[in-house]
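Every read-out reported here was derived from the displayed coordinates using simple, explicitly stated rules and does not represent laboratory data. Quick caveat: nothing in here was measured; it's all calculated off a predicted structure. Glycine also receives a Cβ, built like all others from the backbone with ideal geometry; neighbour counts cover every protein chain displayed.
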Amino acid sequence: MRRIIILTLFLSYCLTQAQAQYREDVSDSIVYVSNVDKILFEEVKFAYKTNPLGIEQKIGKVFSLNLLPNLNTRVVANDSLPNEREVEFRFTLDWELRYYHKMGSRINNGLQANNITGRYFAIGTSIVFGGATGLNSKYRRFSTRYGYQRKISKREYLDVGLDLQYTRTPYLDDLDVERNLNAVSISNYTRYGFLIAKKDRSTKNDRNIVFNYFTSRKSAWRINLNRIIRLSNVRGVMDVDNFFVFAIRPNISYERKIADSVFSLDQELSSSISLGNRVTQGAPLELFERSIRYRIAGKYFYKMKKKQLEGKSGNNLSGAYLFLRASHTQKPNKTDGFTEFGIGSQRELDRVFVGLNLYGRIRTYGSKYFDDVLETPISGEITVSYIIK
């Protein structure tokens, strides 16, 4: 009953604010200038990137090579202690070859420079190295992607798209016979990170740059774009003929400034729903897992009033902030509650919000599962959200 009351209050509050938001955003019509589109005309052929950690090197006008050292972890059973779990590590070097669609013609027509901003097709695989022995050394991964990457500031970039992957993970069954776990999955991905790019030069078309304009914003409805959907099919599990899972993670939030102050209230409602079918020795079994999470945070935007007086910012939701947040997660057989506090930063780009939070967390209620070995008191999150209104 308590969960229903919380959900009802959240939706009612957000719906009553939608019309007020529209009136305020229209009346507050101060316009500020951004240099986002100037980046299209910066020639960048090499960059260090953080999400995931790696480098990107342009090859000619339309190709690039991405090299990504990767540390994979997974929780496995401890053979000597059945009730304990341990973390297994695998080191890989992921490489990806990208083809930037129509970039050659855009460069020739003076619409952009030779850089890493544009739509692309990509293929990639993984090479196991550095400490992976035995079965770990036989791990294989192949992927193909269609996405769009954009350098959104001097030190930031955004990368979104669809990813189709095949992985083969070897393991030993109960009789110590080697088997292969074969998985095929398709999912969306959203990456926001930092980069250090070697800027070779700017083109002569800098004088024709079209700047991006944005108005002040006092509230925003947003949909989180991070891994919304995932479709996977797994074969090779012991005694399981086929394992099919469709997962969806809808996430909606509403943030509103408190009057004209430097404070805001941010509410988020998300859920995780997994539908599946597992066939074991010819017998099908339907799977259904779900969870729901509600978070409410108070934010203090650092030096926003000073920036407004200096004409460097509008009265909006973009900037660095301190926050205090309460989190409640409900599963059919488990309840978790956390108090979280930390620092963050978020920015609005066209119809997208990008943000980064670093925070400490204290469990306020609920019990830790014995296999939650990776739960830490310090955490972080990168968010990319689409603005509904």
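Brief remarks on what is shown
- Per DSSP, loop GluC sites (Glu not before Pro) in region 292-389 with at most 14 further Cβ within 10 Å: 310, 375
- Local net charge near residue 321, Cβ-Cβ under 12 Å (Lys/Arg +1, Asp/Glu -1): +3
- Under 19 Å from a label point set 7 Å out along the Cα-to-Cβ vector of residue 263, the amide N atoms of region 341-363 belong to 341-344.
- Sequence of 309, 181 once ranked by neighbouring C-beta atoms within 10 Å, starting from the fewest: 309, 181
- Backbone N under 14 Å from the residue 70 label point (7 Å along Cα→Cβ), restricted to region 146-165: 163-165
- Between residue 296 and residue 102, the contour length at 0.36 nm per residue exceeds the alpha carbon distance by 65.5 nm.
- With a Förster radius of 56 Å applied to the beta-carbon distance between residue 244 and residue 306, the computed FRET efficiency rounds to 0.55.
- The modelled label-to-label distance for the pair residue 109/residue 187, using points 7 Å beyond Cα in the direction of Cβ, is 3.6 nm.
- With each label modelled as a point 7 angstrom along the Cα→C-beta vector, the residue 48-residue 287 pair spans 4.0 nm.
- In this simple spin-label approximation, residue 320 and residue 125 carry label points 7 Å from Cα along the Cα→Cβ vector, and these lie 4.5 nm apart.
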